[in-house]
Amino acid sequence: MTPRLAIPVLLAAATLLSACATPDTPTEVFDPYEQTNRQIHQFNVGLDRALVRPTSNAYGTVIPQPVRRSVSNFANNLDTPRFVVNDILQGNVLDAGHNTMRFLVNSTLGLAGLFDPATSFGLETRRTGFGETLFVWGNEEGAYVELPVFGPSNQRDAVGTVVDLVSNPISSIFSSGEQWIPPTANVADRLGARYEFADTVDGLLYESADSYTAARSLYLQNRRFELTGGVDDEFAFDPFEGFDDE
Amino acid sequence: MSKIDRRSVLAGLAALGSLGVAAPGQAAVSTAEATALVNQVVAEINGAINSGRSEGAILSQFETIFQRYAAVEIISQGILGPEWRAASSQQKRGFAQALRVYLARKYGRRFKEFAGGRIEVQQSRQSRRGYEVTSRAVLPGQAPFSVMFRVAEIGGQPKFYDIVIEGISLGKVEREEIGVMLDRRRGNLNQLIADLPKAA
């Protein structure tokens, strides 16, 4: 993060976090801003239909798969220093070492990250971000929010997303004329993923009975699983509940 | 008992299985039996997705997998909740039947994307209602991901009643999804039963 940006961003993050809403009792889905969220969801679905889906389709059709993979590897490699910073902030020495090694291997043997030899050496990608750092630091997830363009999130991860956007240490190695490279690689990577999982995403956005609740449910369950590495038994699907007497 | 024998016995019991069974019995099913069930399910899924057969053939294989190894009546009960209690036994049978077709088509298509990959069963642990059997899906060119089966004893047999992919419970997703579908039909269960197989 450039020092010029660091202070306002951290201040904004602190303000947002202190404003995190919390439910009175732990609930599985805490969505007090549903009305606003649904409007943003409408916007996101419209954006996908008009722009993201057609663009990803063109990208996936025109650019051959090996090239898309290299773009994705390149984007992931540029992100890796940011993972290391967050690993350190989380006090996770093991992952910080893992990701540092991964970055060194892929930046050299992997030709500036276009290839991913690290994975075959057992140094697979271990993504993290400031949202996870905030989780490790003990912040609550807050209310469910759907962000424009970025999609499903919660208050804690919304802060994480903003900090992640402006805090990639790699950007300091690019000259001012090259600053477009990391975000462009990221967007291309997202388009590639949208193309690769087109059936799944289309199914969710265009075939669900209510794509808003479907996206919310998938996001909340998956995000909690990612962060805790398990499924909370308290919120498990329990078809026997309420039928114990039979 | 050979695998085929065991399979036909399971299928026979599934066909006879009553709709009234609601709560799981005390752990007469062992962790080994729960794991064996998931091994069998996973072997059949792996066989189906890598069979190279047509989509229609694969989807009907998935229907058979649900028929034999899933507790579809229990899943139906969990998805409908209070509506299940109010339903007639004919509606219960109709809904379970429709749900089986819907789930097989919807998730058969998803699992078809796993072609070229395989699912590896890992371990089993006891949970509140039975067992959680964890497995890993390994797909070419992708990071492996977690697929967990929730297994309970239903009518003396191990059956799975939920599949949890990377923390996402298909039971919970479908409870919401089908709940919305029922609301859209103003709570008309017969209409939902008629529409459900066509919804996937």
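Descriptive notes on the structure:
- Set of lysines near B:LYS172 by C-alpha distance (under 26 Å), chain-local residues within fewer than 8 positions excluded: B:LYS92, B:LYS106, B:LYS112, B:LYS159, B:LYS198
- Diffusion of chain A by Stokes-Einstein, at 4 °C in a medium of 1.567 mPa s and with Rh set to the Kirkwood radius over alpha-carbon pairs, works out to 65 µm²/s.
- For region A:103-117, putting each phi into the Karplus relation 6.51 cos²θ - 1.76 cosθ + 1.60 with θ = phi - 60° gives couplings of 5, 5, 5, 6, 6, 9, 4, x, 6, 6, x, 5, 10, 10, x Hz, in residue order, rounded to whole numbers and with x for Gly and Pro.
- Chain B: most fluctuating residue of B:LEU189, B:LEU103, B:LEU139 per GNM, C-alpha cutoff 10 Å: B:LEU139
- Largest GNM mean-square fluctuation among A:ILE170, A:ILE88, A:ILE181, using chain A with Cα springs under 10 Å: A:ILE181.
- Positive-end residue of B:VAL121, B:ILE75, B:VAL133, charge dipole of region B:3-198 with Cβ unit charges: B:ILE75
- Placing +1 on the Cβ of every Lys and Arg and -1 on the Cβ of every Asp and Glu, with nothing else charged, gives the protein assembly as shown a dipole about its Cα centre of roughly 1200 debye.
- Rounded to whole Hz, the Karplus (6.51, -1.76, 1.60) HN-Hα couplings of region B:157-163, x for glycine and proline: 10, x, 9, 8, 10, 7, 10
- Cα pair distances exceeding 43 angstrom across the protein assembly as shown, given as percent: 18 percent
- Between B:SER51, B:PHE66, B:GLY187, the Cα set farthest toward the positive side of the dipole of region B:3-198 (charges on each charged residue's Cβ, about the Cα centre) is that of B:GLY187.
- In chain A, helices alone account for a calculated mean residue ellipticity at 222 nm of -18500 deg cm²/dmol, with every DSSP H run of four or more residues adding -39,500 (n - 2.57).
- Positive-end residue of A:LEU191, A:GLN221, A:VAL201, charge dipole of region A:172-224 with Cβ unit charges: A:GLN221
- Theoretical ellipticity at 222 nm over chain B - DSSP helices of four or more residues, -39500 (n - 2.57) apiece, nearest 500: -17500 deg cm²/dmol
- Size of charge dipole - region A:107-151 - debye, nearest 20, with Cβ of Lys, Arg +1 and Asp, Glu -1, no other charges: 200 debye
- Dipole magnitude of chain A, debye to nearest 20 (Cβ charges: Lys/Arg +1, Asp/Glu -1, about Cα centre): 1720 debye
- Relative contact order (percent, whole number), region B:3-198, Cα cutoff 8 Å, 6+ residue spacing: 26 percent
- FRET E, pair A:VAL62, A:ASP202, Förster distance 22 Å, beta-carbon r, rounded to 0.05: 0.65
- The length gained by stretching the chain between B:GLN126 and B:SER88 to full extension, at 0.36 nm per residue less their Cα-Cα distance, is 10.3 nm.
- Square roots of 5 times each gyration tensor eigenvalue, C-alpha, region B:95-140, largest first, Å: 23, 21, 5
- Measuring spread by the Cα atoms of chain B yields a radius of gyration and Dmax of 16.5, 49 Å.
- Converting phi to 3J(HN,Hα) with the Karplus coefficients 6.51, -1.76 and 1.60 and the offset θ = phi - 60°, region B:31-47 yields 4, 5, 5, 4, 5, 4, 4, 5, 4, 5, 4, 5, 4, 6, 5, 4, x Hz in sequence order, with x at every glycine or proline.
- Relative contact order (%) - criterion: Cα under 8 Å, at least six apart; region: chain A: 27 percent
Laboratory data are not the source of any read-out in this text; all were calculated from the coordinates shown. Everything numeric here is computed off the predicted structure, so don't read it as measured data. Note that we place each Cβ from the backbone using ideal geometry, even for glycine, and neighbour counts take in every protein chain shown.
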